[in-house]
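A short write-up of the structure that comes next.
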Amino acid sequence: MRRRTEILVLLICLVIVTTSFASTVTYDHRAIVIDGKRRVLISGSIHYPRSTPEMWPDLIQKSKDGGLDVIETYVFWNLHEPVRNQYNFEGRNDLVKFVKLVAEAGLYVHLRIGPYVCAEWNYGGFPLWLHFIPGIKFRTDNEPFKAEMRRFTAKIVEMMKQEKLYASQGGPIILSQIENEYGNIDSAYGAAAKPYIKWAAGMAISLDTGVPWVMCQQSDAPDPIINTCNGFYCDQFTPNSNKKPKMWTENWSGWFLSFGGTVPYRPVEDLAFAVARFFQRGGTFQNYYMYHGGTNFDRTPGGPFIATSYDYDAPIDEYGQVRQPKWGHLRDVHKAIKLCEEALIATDPKISSLGPNLEAAVYKTGSGGCSAFLANIDTKSDATVNFNGNSYHLPAWSVSILPDCKNVVLNTAKVNSMSVIPSFMHESLNTNADSTDSIGSGWSWINEPIGISKASAFNKLGLLEQINTTADKSDYLWYSLSFIIVMFMYHYNTIACACPLKLSAGSRTGNSDNAKVKLDIPITVVPGKNTIDLLSLTIGLQNYGAFFDLSGAGITGPVKLNGLSNGSSIDLSSQQWTYQVGLKGEDSGLPSGSSSEWVSQPALPKNQPLIWYKTNFDAPTGNDPVALDFMGMGKGEAWINGQSIGRYWPAYIASNSGCTDSCDYRGPYSANKCRKNCGKPSQQLYHVPRSWLKPSGNILVLFEEMGGDPTQLAFATRKMGSLCSHVSDSHPLPMVMWGLDSKTRRASNPTLSLSCPSPNQVISAIKFASFGTPLGTCGSFSHGRCSSAKAHSIVQKVCVGSTSCSIDVSTRTLGDPCKGVKKSLAVEVSCA
């Protein structure tokens, strides 16, 4: 009887845990409406295959802690259906698991099915087999394409339905997207564009998900599809119907990195300004693209020339760590906006001018509630404005948020969150060699044959386009031609080629702006038979633009032999060439490291092109995120325990121009405005997920294309270098004080707060502390013309030995080193 009772209790618990309730999701002109209530929703993009399943729970929790309500992701067709009707939803491709983890965290999902995604993803997310369907034309009123698009979209919708993941079934998915930014390029498709969009909308609605569908950047999106905005700013966006809410599906938190390019970043003051302006002017749904960018593992990046890192300067960085102060300041912005939610959903804003480039927006509820946004959109000058009988200071390019139309809870230009300077601690790659062995003895290698080496090679007249030839099964395509020299006068000839290629005799590289190159390569020919071997490499396929799927690759020609005895040349383009798709090492399974062909004697070859390297190594100790530092290598791809960490290319050095020591957040942001890392490799460090590593016995395999020294490889574990904060005596009070009574608030002061990132750490040292007019930024603070003599000792007494600390930024606490001057407190500490 007792056992029965225990079983009954267990069954009841299971029912309670697994039961969920369906929600009704609709919309009106103000907002998304969930169960009859308008909602202000903050969203962020996390692409599940750009991280690992082991990282997902922490990424989702950090997103929730940062104030997000919704996680937005694309669905990547070419990952899930690499071969027609053969599906892959395992590992990093486990979409259902990702959506369920978001639900477990209590967040919603916006599922952007597309199935075209752009996303700097190879071929825009389309599988290559789609290209070979007879009569197909992508993204237009074309029956073969529409049939395939419907089939895959329906597949994903049905999968979500089977798992009861739509809100209408009790799941987390409240929105879905069909197509993607088609309005940016639809004019190129002529008259066929409009019927295609109408068809796509109708097809999506017919799938009966029970939640609204959106189309981004599609001003003619048919009802009931919601058209939405993408861009750095969307405050001026207006939906195409007064029955639809104002939604921002991509607020670009930074920008993507290209091989050969400098590193882009976006100041948090500008990003916060853009967010506040959007809600000030009637927006109610905003999504960060990206909130966590992640890593382009394997051969997934598009472009071409998109780097392996997809960090995107997002609030959560590539390694899964919060980026401060961006994450913290945006969290405060979200809290401030949520304090205004009741007023925001009640009515449209009443917008008025407070002067040139000065604007107020007021929201009022029927019950007397009031919230206001005060904006200074001037790019240079601060201003003082009068609003409702009170005076407010507005820095240039900023928005102040007043949840009660009186008190400022936050100004976007005044960052009250600490900054963190990450550092990477390097350690040599422990290759498990005996200590008595010479350096490099832990490595083995295999030379990749130059030219044709596989039985699958074939002959064709003329120069073949690469994508049609390889179907993107490999980055590599060999072009080989043999010819006879009967007699010659000059020993030194040249071969001219218009192509992206790599040769042992010579090479040239394109870039993200122009992938095509033309080069002359000196060659030596001999009487009789000569062979020319040309290796063409792709670095990601085109992912954006009208008819991007028709952008070719490979050696386009002409290929000419110049410098003959009579000064003439021979065009070799139309000759019979021999072709080999991919490398012999790829077919032999070398990326897994399991081949018996590896050799380790006599001496490790270095700085040699077209060579495979392998070593065994132990994982770095601890739990800190791990990267491989590839300095000393050229270009290639790397695998750890059989999994590709992506393409590496530290030899591609960014331009020396275009970077600044600091970037003024004031004024419109663009992708090239704020750049760093000039004159350095575009990417030197490459993320290695901890979950891919074993304590010992790991296998690292490299395929090096250009030549390098693998013994220079090193691990870099990501550490926290310094914590900083810089708060002025005019900053708003901390967000936690908002609920206090007015008397207590009036007696309170701005507060500088610091907190070690790990609960088992304490603040161990004060590197800098100054109250007065300190200068500089985190890591380079200096004393200004006035500085309190006791600031350092006060900060040390309050902070050292504690996990976190807070200090009033006031003369009462820190003294008054310069009366009548606006003052601030700057502090830099370290944790241990």
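The values are calculated or read from the model by the stated rules, or taken from the named source; none is laboratory data. Computed from a prediction, not measured in an experiment: that's the story for all the values here. Cβ atoms come from the backbone with ideal geometry, glycine included; neighbour counts cover every protein chain shown. Please note that ligands, DNA and RNA were not included when accessible areas were found on the heavy atoms of the full protein model with its side chains. Shrake-Rupley method; radii C 1.70, N 1.55, O 1.52, S 1.80 Å.
Details
- If the condition is being of a type outside the set (V, I, T) and over 21 Å from G283 (Cβ atoms), then the stretch 367-385 contributes S367, G368, D378, K380, S381, D382, A383.
- Hits in the stretch 600-615 (condition: open to solvent by 20 Å² or more (accessible area, probe 1.4 Å) and either assigned to a loop (DSSP other than H, G, I, E, B) or out of contact with any strand residue (DSSP E or B) (no Cβ under 6 Å at 6 or more places or on another chain) (or both)): S600, Q601, P602, A603, L604, P605, K606, N607, Q608, P609
- Restricting the stretch 464-480 to residues that are in a loop (DSSP other than H, G, I, E, B) and touching a strand residue (DSSP E or B) at 6+ places or on another chain (Cβ under 7 Å), the residue that is most open to solvent (accessible area, probe 1.4 Å): K473
- Residue within the stretch 59-78 that is hydrophobic (A, V, I, L, M, F, W, C) and open to solvent by 10 Å² or more (accessible area, probe 1.4 Å) present: no
- Checked against (1) among the charged types (D, E, K, R); (2) touching a residue at least 40 places away in the same chain (Cβ under 8 Å); (3) open to solvent by 70 Å² or more (accessible area, probe 1.4 Å), K823 passes all but condition (3).
- F547 passes every criterion in (1) surrounded by fewer than 19 Cβ atoms within 10 Å (Cβ to Cβ); (2) over 30 Å from G183 (Cβ atoms) apart from (2).
- S802 under 17 Å from A826 (Cβ atoms) and out of contact with any helix residue (DSSP H, G or I) (no Cβ under 8 Å at 6 or more places or on another chain): no
Residues checked against (1) within 14 Å of G114 (Cβ to Cβ); (2) modelled with pLDDT under 95; (3) among the acidic types (D, E):
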residue	(1), (2), (3)
A167	no, no, no
I174	no, no, no
I178	yes, no, no
D186	no, no, yes
P212	no, no, no
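- Count of the stretch 87-138 residues which are within 24 Å of E54 (Cα to Cα), assigned to a loop (DSSP other than H, G, I, E, B) and over 17 Å from the mean Cα position of the chain (by Cα): 8
- From the options N122, N142, residue that is touching a strand residue (DSSP E or B) at 6+ places or on another chain (Cβ under 7 Å) and over 28 Å from G283 (Cβ atoms): N122
- Condition check for D533: surrounded by fewer than 17 Cβ atoms within 10 Å (Cβ to Cβ), in a strand (DSSP E or B) and either touching a Ser or Thr at 6+ places or on another chain (Cβ under 6 Å) or not small (G, A, S) (or both): no
- With respect to (1) open to solvent by 30 Å² or more (accessible area, probe 1.4 Å); (2) within 21 Å of I136 (Cβ to Cβ); (3) among the hydrophobic types (A, V, I, L, M, F, W, C), the lone exception for F237 is condition (2).
- Strands (runs of 3 or more DSSP E) contained in the stretch 648-757 and holding at least 3 residues open to solvent by 20 Å² or more (accessible area, probe 1.4 Å), modelled with pLDDT under 95 and not hydroxyl-bearing (S, T, Y): 714-728
- Filtering the stretch 770-819 to residues that are open to solvent by 40 Å² or more (accessible area, probe 1.4 Å), outside any loop (DSSP other than H, G, I, E, B) and of a type in the set (S, T, Y) leaves S782, S787, S793, S804, S806, T811, T813.
- The residue list L330, L344 contains one member that is farther than 30 Å from S423 by Cα, crowded, with 23+ Cβ neighbours inside 10 Å and touching a residue at least 60 places away in the same chain (Cβ under 8 Å), which is L344.
- Residue within the stretch 541-558 that is at pLDDT below 80, farther than 24 Å from Y123 by Cα and assigned to a loop (DSSP other than H, G, I, E, B) present: no
- Check on Y166, in the same structural domain as V211 (by the TED database), in contact (Cβ under 8 Å) with a residue 60 or more places away in the chain and crowded, with 18+ Cβ neighbours inside 10 Å: no
- Meets criteria (in contact with a helix residue (DSSP H, G or I) (Cβ under 7 Å, 6 or more places away or on another chain) and open to solvent by 50 Å² or more (accessible area, probe 1.4 Å)) for E179: no
- The test for being aliphatic (A, V, I, L, M) and open to solvent by less than 30 Å² (accessible area, probe 1.4 Å) holds for A360.
- Evaluation of I523 against (1) in a loop (DSSP other than H, G, I, E, B); (2) over 22 Å from V701 (Cβ atoms); (3) open to solvent by 10 Å² or more (accessible area, probe 1.4 Å) (one fails), failing number: (1)
- Verdict on R281 being open to solvent by 10 Å² or more (accessible area, probe 1.4 Å) and within 30 Å of P349 (Cβ to Cβ): yes
- Residue that is nearest to K164 (Cα to Cα), among those in the stretch 194-229 that are part of a helix (DSSP H, G or I) and either among the aromatic types (F, W, Y) or open to solvent by less than 10 Å² (accessible area, probe 1.4 Å) (or both): A204
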